[in-house]
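Below: one structure, written as structure tokens.
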Amino acid sequence: MVEKNRVVVVGCGIAGLSAAVSAAEFGADVTLLERSTKEERGGNTRWTEAFMRMKNEKEVADDFIEHFLANAGCHLDPSLINETARNYSEWPSIVKALSFADPEVISTLATEAGPTLSWLKEYGIQFSVMPTYLLTQSTTRICPVGGGLALIEALADRAEKLGVKFQYETTAVDLVCDDHGSVAGIRARKDTIKPIEVMGKVILASGGFEGNAEMQARYYGERARYIRPVARGGYYNRGEGLRMALNLGASTCGDFSEYHAQPIDPRSGVSEPIVFNFPYGILVDREGRRFIDEASNTVDAIYENVARTINKLPGGVAYLICDARLDEVDNWQRSVRSDQKPIMADTLQDLATQLEIPVASLTKTVVEFNAATSDGPFSPFELDGLATEYLNPPKSNWALPIAIGPFRAWPVSSANCFTFGGLRCNANAQILDGDGRPIPGIYAAGETMGLYYKSYTGATSVLRGAVFGRIAGRHASGLAS
Ligand SMILES: Cc1cc2nc3c(=O)[nH]c(=O)nc-3n(C[C@H](O)[C@H](O)[C@H](O)COP(=O)(O)OP(=O)(O)OC[C@H]3O[C@@H](n4cnc5c(N)ncnc54)[C@H](O)[C@@H]3O)c2cc1C
């Protein structure tokens, strides 16, 4: 009897489950370790609507590759980037291990997206274009009906039927290597007694480090103190996968000094309590001063930068101020998911007092802002060019005066949706060492595999997990070409 290849997957999100199902489909004997209970399984994936930057179920959005390439890194050395025009096998080791969004990986993500969605559909997942909390959008998105939770339930069900062994409340802590330095298994803690060892090829799909305050402070500096995960699932992602592979000499990918930021209401404990109506008001800091163009582009294109900028303000907080004309934006409530009511006042003075912002300063800001607004049609669902004049910072669209009570305000802070910094992998999801060589026996997928720099190519993280999880499982099974 031929012995099955053994594969051990760490993490039960979209990346881990895709890896487990695909490895099992290719005949491997698969064990999946997950630190949470079965009820809470799914990490970040459990909490997302899982929007995907696709035109339809088969094709990625028109701007998919373009956005990734425009955000492949910062001030990249053209002499190294030019080397990527050659066949991958001819790339010098310093390019294979370079910290940038590798075009081989990006094109694999784009070409495998459609086939991966077809694969997910085999397990009953349906895709649709759903209304989103983004009132204005720069690209196309579809999502699975039922969101990330539907992905988790369908894939976990499939994995169970294929005989994948799930070990919940089991935290991977270390890699086991053989005498030749190849990864041969995982050491994990289930309770207080001595760690267990699960042998096999290892697929790290344990998310990023958004649930680890120490690592965030290490990489982001003191601004980390104001950041929290955007949903409960992120608290489980504590960076062990990254640490284990770095200890083995893995190289990295993704910007370790940035994260995918979302503006949220810090008073709210619901999942993803976003405040995405800021383009229809003004944002001020604790001193009542504006600090950013609230409407430089569609909301999906700018919310990350707005949230990162808020994170760097004193106290890591800003206030969104709107007046009664917010109600001219049909269904604006869709763009705010906080369960906390806005702070309301009939006068700006009263609003400032309630927010503990200096009254004179907020009044001056609003008077100057109103004086800089101009006449023109207000068209809330397209870039209407209704901009301020001679104001710094400007407001480039939807610049109505803040003049008609009642006034309302939301506090806004920056949440970490997921971390950018992760492990450098090739298009087979194999983790690369400092010389760009695959480290034998180990893969990464999902957030653990770093990818993003500068501005997140929105609605691609779930896709990244599904595509590279599936590839990792297939490759690790050893039975696929
Ligand atoms: C509210 C919200 C909305 C989002 N919206 C979108 C969107 O619309 N589109 C999009 O593309 N992306 C979105 N994202 C991001 C996306 O959901 C995640 O980046 C993606 O789902 C991560 O998948 P993953 O499998 O890599 O990690 P996760 O889904 O986080 O899974 C990681 C798993 O590993 C487990 N784990 C961690 N450490 C260990 C360990 N040491 N041992 C054992 N188990 C461990 C965790 O418990 C967790 O179950 C959103 C995220 C959130 C939170």
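Of note:
- Residue selected from region 179-204 under the condition of a type in the set (D, E, K, R) and over 13 Å from ASN5 (Cα atoms), by the criterion farthest from the chain's Cα centre (by Cα): ASP179
- Strands (runs of 3 or more DSSP E) fully within region 166-252 counting 2 or more residues that are closer than 22 Å to GLY436 by Cα: 171-177, 183-189, 201-204
- Some residue of region 411-418 being of a type outside the set (A, V, I, L, M), without any contact (Cβ under 8 Å) to a residue 24 or more places away in the chain and away from the ligand (no atom under 14 Å from the Cβ): no
- Every pair of residues 6+ apart whose Cβ atoms lie under 6 Å, when the first sits in region 64-86 and is among the aromatic types (Phe, Trp, Tyr) while the second is assigned to a helix (DSSP H, G or I) and modelled with pLDDT of 95 or more: PHE64/ALA110; PHE68/ILE106
- Cβ-Cβ distances below 6 Å connect the following pairs, each with a first residue in region 1-30 that is near the ligand (Cβ under 10 Å from one of its atoms), a second residue that is of a type in the set (D, E, K, R), and a separation of six or more residues or different chains: CYS12/GLU34; CYS12/ARG41; SER18/ARG470.
- Candidate set from region 31-40 (those that are touching a residue at least 40 places away in the same chain (Cβ under 8 Å) and more than 6 Å from the ligand (Cβ to nearest atom)); member that is surrounded by the most Cβ atoms within 10 Å (Cβ to Cβ): LEU32
- Count - residues of region 221-240 that are surrounded by 22 or more Cβ atoms within 10 Å (Cβ to Cβ) and on the phi > 0 side of the Ramachandran plot: 1
- Residue within region 251-273 that is in the same structural domain as THR132 (by TED's automatic domain parsing), in contact with a Gly (Cβ under 8 Å, 6 or more places away or on another chain) and within 16 Å of ARG35 (Cα to Cα) present: no
- Flag for PHE291 being at pLDDT 95 or above and crowded, with 22+ Cβ neighbours inside 10 Å: no
- Residue in region 152-204 that is nearest to the ligand (Cβ to nearest atom), counting only those that are among the basic types (Lys, Arg) and touching a strand residue (DSSP E or B) at 6+ places or on another chain (Cβ under 8 Å): ARG189
- Test result for GLU389, away from the ligand (no atom under 16 Å from the Cβ), on the phi < 0 side of the Ramachandran plot and modelled with pLDDT of 95 or more: yes
- The one condition in (1) surrounded by fewer than 24 Cβ atoms within 10 Å (Cβ to Cβ); (2) near the ligand (Cβ under 9 Å from one of its atoms) that GLY478 fails to fulfil: (2)
- Residue within region 55-78 that is over 18 Å from TYR453 (Cα atoms), in contact with a helix residue (DSSP H, G or I) (Cβ under 8 Å, 6 or more places away or on another chain) and within 16 Å of the ligand (Cβ to nearest atom) present: yes
- Tabulated pairs, region 188-215, first at positive phi, second within 15 Å of the ligand (Cβ to nearest atom) and polar (S, T, N, Q), C-beta under 8 angstrom, 6+ apart or interchain: GLY200/THR31; GLY207/ASN44; GLY207/ASN237; GLY207/THR448
- Just one of the listed residues (ALA97, ALA156, ALA85) is closer than 22 Å to MET244 by Cβ and at pLDDT 95 or above, namely ALA97.
The values are calculated or read from the model by the stated rules, or taken from the named source; none is laboratory data. Just so you know, these numbers come straight off a predicted model, no measurement behind them. Positions of Cβ are backbone-derived with ideal geometry, glycine not excepted, and every protein chain shown enters the neighbour counts.
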